[in-house]
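Written out below as structure tokens is the structure these notes cover.
A short reminder: the numbers here are calculations on the coordinates, not readings from a lab. Predicted model only: the values in this text are computed from it and were never measured. Here the Cβ positions follow ideal geometry from the backbone for every residue, glycine too, while neighbour counts run over all protein chains shown.
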């Protein structure tokens, strides 16, 4: 079963920002999409100029259903597409859902900039993030059944990423090699 969170927003940008939460581990021996092959999306969130929508798998039994929904949603997303770490979203969605997503803009200033640092530097609000930009805490929370906390973390990430895009724009994403 999936839980859907929906919120009307007023934003001043064109396109869609994607943010996923996940469980699993990185395969650091690879420097291509295989780095993400053992990571599974648990939450898929998106925001555009008028709405924020989050789909959350309610437990491991619902992960296959979430992957199917992602497969239906991704082709219809309004372009341009943005993410804070495009490689992560691209790699996880490619290996989990067999969809090769190409992003138009990357929201981090440089490859290893943390969202926490960007938010602090740009003086963006926390948006009630229960995990203060700590994705590992979100993963642990989801694994213990705290779906509401995980959804609220994803919501705050989407709003922060929207503010980053509006405040300082985006950069061209680095290419990810798909294997």
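Among 9, 119, the ranking by other beta carbons within 10 Å of each residue's beta carbon, starting with the fewest, stands as 9, 119. Model label points for residue 166 and residue 136, set 7 angstrom from Cα along the Cα-to-Cβ axis, are 3.2 nm apart.
DSSP assigns beta bridges within the chain; of those with both partners inside it, close to 85 percent run antiparallel. I want to make sure I understand the PRE zone here: with the label point 7 angstrom from the Cα of residue 30 toward its beta carbon, which residues in the range 74-102 have backbone N atoms less than 16 Å away? Correct set: 87-101.
The value of relative contact order for the chain, using C-alpha pairs under 8 Å at least six residues apart, is 27 percent.
Here the relative contact order of the range 1-82, from alpha carbon pairs under 8 Å that lie six or more residues apart, stands at 40 percent.
Cα centroids of the range 146-179 and the range 56-107: 12 Å apart. Normalising by residue count, the range 2-168 has a Cα convex hull of 104 Å³ per residue. Per-residue ellipticity at 222 nm, computed for the chain from helices alone with -39500 (n - 2.57) per DSSP H run of at least four residues, works out to -11000 deg cm²/dmol.
From a point 7 Å beyond the Cα of residue 79 in the direction of its Cβ, which residues of the range 90-120 have a backbone N at a distance under 16 Å? Hits in the range 90-120 for residue 79 at 16 Å: 100-106.
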